[in-house]
1. Out of A:HIS451, A:HIS416, I need the residue that is surrounded by fewer than 14 Cβ atoms within 10 Å (Cβ to Cβ), part of a loop (DSSP other than H, G, I, E, B) and either β-branched (Val, Ile, Thr) or modelled with pLDDT of 85 or more (or both). Which one?
2. Would you pick out the residues in the stretch B:78-99 that are over 24 Å from B:VAL22 (Cβ atoms) and in a loop (DSSP other than H, G, I, E, B)?
3. Take the stretch A:300-353 and flag every residue that is closer than 24 Å to A:LYS429 by Cα and not in a loop (DSSP other than H, G, I, E, B).
4. Quickly run through the stretch B:229-260 and pick out the residues that are in contact with a helix residue (DSSP H, G or I) (Cβ under 9 Å, 6 or more places away or on another chain), in a loop (DSSP other than H, G, I, E, B) and either crowded, with 19+ Cβ neighbours inside 10 Å or within 14 Å of chain A (Cβ to nearest Cβ) (or both).
5. Among (1) among the charged types (D, E, K, R); (2) modelled with pLDDT under 85; (3) not in a loop (DSSP other than H, G, I, E, B), there is one condition B:GLU210 misses while meeting the rest; what is its number?
6. Please give the number of the condition A:ILE242 fails out of (1) within 14 Å of chain B (Cβ to nearest Cβ); (2) over 30 Å from A:LEU142 (Cβ atoms); (3) hydrophobic (A, V, I, L, M, F, W, C).
7. Does any residue in the stretch A:356-379 that is away from chain B (no Cβ under 14 Å) and surrounded by fewer than 23 Cβ atoms within 10 Å (Cβ to Cβ) come within less than 7 Å, Cβ to Cβ, of a residue that is part of a strand (DSSP E or B) and of a type outside the set (Val, Ile, Thr) six or more places away or on a different chain, and which pairs are these?
8. Output the qualifying pairs, or none if there are none: Cβ atoms under 6 angstrom, residues six or more apart or on different chains, first residue in the stretch A:299-323 and within 11 Å of another protein chain (Cβ to nearest Cβ), second residue at pLDDT below 95 and surrounded by fewer than 16 Cβ atoms within 10 Å (Cβ to Cβ).
Amino acid sequence: MNDASSEPLYRVDALIAEDIEAYLDLHQNKGLLRFITCGSVDDGKSTLIGRLLYDSKMIFEDQLAALEADSKRVGTQGQAIDFALLVDGLAAEREQGITIDVAYRFFATEKRKFIVADTPGHEQYTRNMVTGASTADLAVILVDARKGVLVQTRRHSYLAHLIGIRHLVLAVNKMDLVDYSQEVFDRIVADYRAFAGTIGIADFTPIPISGFKGDNITQAPSVNTPWYDGPSLIEHLETVEIEGAAAQARSLRMPVQWVNRPNLDFRGFAGQIASGTVRPGDAVRVVPSGKTSTIKSIVTFDGELDEAVAGQSVTLTLADEIDCSRGDVIAAADAPPQAADQFEATIVWMSDEKLIPGRGYWLKLATQTVTATVAQPKYEVDVNSFEHLAAKTLGLNGIGVCEVTTDRPIVFEPYHESRELGGFILIDKLTNATVGAGLIRFCLRRAQNVHWQALEVSREAHAALKGQKPAVLWFTGLSGSGKSTIANLVEKKLHAAGRHTFLLDGDNVRHGLNKDLGFTEADRIENIRRVGEVAKLMTDAGLIVLTAFISPFRAERELVRGMIPEGEFIEIFIDTPLEVAEQRDVKGLYKKARSGQLKNFTGIDSPYEAPENPEIRIDTTTTSPEDAAEQIVQRLLGEWVPDL
Amino acid sequence: MQRLTHLDRLEAESIHIMREVVAEADNPVMLYSVGKDSAVMLHLAKKAFHPAPPPFPLLHVDTTWKFRDMYALRDKAAKAAGMELLVYHNPEALERGINPFDHGALHTDLWKTEGLKQALDKWKFDAAFGGARRDEEKSRAKERIFSFRTASHAWDPKNQRPELWNLYNAKKAKGESIRVFPLSNWTELDIWQYIMKEGIEIVPLYMAAERPTVERDGLLLMVDDERFPLLPGETPVVRSIRFRTLGCYPLTGAIESRAATLPEVVQEMLLTTTSERQGRAIDKDAGGAGMEKKKQEGYF
């Protein structure tokens, strides 16, 4: 065995055995620290975590027996216990001998409970480290004493700093392999200090350790490092000041998660307090509406509270009946956060599918979910050299600074002021995957400059005057499928029936509004976005809008659907097989595309993503344009606008 | 400044998670297994939605082989919470008389894994709370709090959504569902401390008492009812025993113990040298990857 076995363990078994009640009292009042460990593949990260679990007796005899057997079978430490095997979880990884995801581990000492995010050190897994770091208060950056500060060390430090971790520990590991040399340690610390300053890291705590042997893990200095006069790793983790006080000192913000209405007499706003404190009688403002009220009570299962603070999940009631729902933020009346719909943000891309500038993604920030588009990056950051590179998009693990626009104002704070109101995720609207994480740097356009609210003549008034319900009939299909023909016939019929309509046709729009756009993927997306915006304004004016565009990408059609009030977007799929459309070739375009004269032609060298659940589908191989139009009008009047 | 303890922070996190699910899912349900973790989860649900009752039903995927004390507490706890209790029995398992004595692994597969899938399909639940903790088992350590399942209930450990800050992505396609684990960051000790602090009622089997037992295959089993087939030469012996986890009584090993109060139970747990799931037969299948394999197949 090694010399660590002689060191005292964290748990005082004597107290547990003699006076369990006293022990439990002590442990009721522990704090919680979340930290991450990051290092390169062979820096001994898993070994260190295994060691922390082992020393805190979080490993039981049956697990230890399994560990000893595994160590002999696949371990990398000869006959000794390979602590790394304790923490390398999933079957595939165990065989490869690497960790490939974020795993969370737990241990406790007399003073604190710890949650450790174990994040991998491979270059391609920036994503995992950012994920693990997002909930951490502290980062342990592991360096192999034999190798010193590596490119990976710099990258991990940069990411930890980017994600707002204020406490960094530089754990110089494997000191046993450099004869516990103070000189080696001092040189690595000096190297790191020189680098840290260049990326804005003001302070860090260097500790010489051996995860394998146990030096300076629980007690310092170990017999092997008499020259070291700082705390052991555990001592430091137990005493480092967590940001609780700072969060409570800031102004009140509570994103509303859910409105609790068990009966007509009670309306409570449930949420977790992001910052500040709240007491009954406090003046508050609901953002973004700006309405003010005072806190009537703080309701909990255990009775009403006199005060609640950042981090607690509570239910607030207000003295006045004002509008407030999920997504709103209840804030200090005299210091409310802003709302805006355009930001500059640092985006970390987390998906194999590249970022598509201009495409609509779901953006979730606190309890708000909106549609957002991301512009082409201003620059991408090379995480090894920290250089700013020109970029058209971001790929998996790419980090860039981009302009983000949301379809309505959201309440926010810059990320460096608030993780809770400054961090967001981006979700692909089709696959529902989380594809990116964003950190708001600042807003580019404040919402108060754009007056959306209280138009004198509302959209309802516009529609009422025309005696109809507005709608967008969105025709989609291949070139030559018959979209324009059928849309024209539908408009004629609606017009004849006294409806106020307008037809937006692909070719016509491209001659005017969108004549600056070509046929690349990005331009096609922008084309559809503009048409969607125009259609939306027209529905606000009370019109029934018909659009005839190939609109090949599902995501863009869904983007438009999201802009239009629910039930008013009717997707009509003009389903004509490619062979049939190509055979018709009314405009001779397929011929040109086949011969290479026309690039990015849908169906030939650019994909068409058919709707999965269109409101109406017309099979033109079995239905004539006239019958199709009649069917659409009948269904329209029957299902969507029966009162017409 | 008010200082939040680790239990305060865990409680606030779990409540936040439950409220997110209720705000974003169409038809959530809470899986209730009557164990101590379920008891804590139910208690947290009551806190999260107070003064309203939790706005979802409890679902017990039953095997008919739980301890009698568990059935009693289940019905009582649901009633006290003002929640609807749904109990599901896999009709195929019922018809074939599947039991832990004759059918081994098939018992867990049909009653629990298949039963759960059937129940979720039957009521079209799109989000299901479960009381699993990350500290229980290695493959759980990497599972997300919001764990996404395909329409056929499969879990793909390679294709998990990254989970950042406290932002949970609850978006899903029709037919797909999410398993949500609000106790992910709790440890066994946290659970016990919270039960004591909050005075949560748990099944008495967690506390030591004199009970009829049989020793078989290295496990100390309790003879809970007359369905327990005694092998030739076996006679139940009364021992002072308790349980660290509760499942089907013929599959759950007891430990000999004199710890009859909660503090004594915690004391024993802290001084003990074997892990919590050690009494469970299920984890030992398929080598070291038993639980991971079961989860891919749809086990909770």
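The values are calculated or read from the model by the stated rules, or taken from the named source; none is laboratory data. All of these numbers come straight from a predicted model, not from anything done at the bench. Here the Cβ positions follow ideal geometry from the backbone for every residue, glycine too, while neighbour counts run over all protein chains shown.
1. Working: A:HIS451 fails: either β-branched (Val, Ile, Thr) or modelled with pLDDT of 85 or more (or both).
Step by step, each of A:HIS451, A:HIS416 is checked, and only A:HIS416 is surrounded by fewer than 14 Cβ atoms within 10 Å (Cβ to Cβ), part of a loop (DSSP other than H, G, I, E, B) and either β-branched (Val, Ile, Thr) or modelled with pLDDT of 85 or more (or both).
2. Of the residues in the stretch B:78-99, the ones over 24 Å from B:VAL22 (Cβ atoms) are B:89-99.
Correct list: B:HIS89, B:ASN90, B:GLY97, B:ILE98, B:ASN99.
3. Looking only at the stretch A:300-353, we keep the residues that are closer than 24 Å to A:LYS429 by Cα, and these are A:325-328, A:339-353.
Passing the criteria: A:ALA339, A:ALA340, A:ASP341, A:GLN342, A:PHE343, A:GLU344, A:ALA345, A:THR346, A:ILE347, A:VAL348, A:TRP349.
4. Within the stretch B:229-260, B:PHE243, B:ARG244, B:THR245, B:LEU246, B:GLY247, B:GLY253, B:ALA254, B:SER257, B:ARG258, B:ALA259 meet the criteria.
5. (2)
6. (2)
7. Final answer for the pair search is A:THR373/A:GLY360; A:ALA375/A:CYS402; A:ALA375/A:GLU403; A:LYS378/A:CYS402; A:TYR379/A:HIS388; A:TYR379/A:LEU389; A:TYR379/A:GLY400.
8. A:VAL309/B:GLN2
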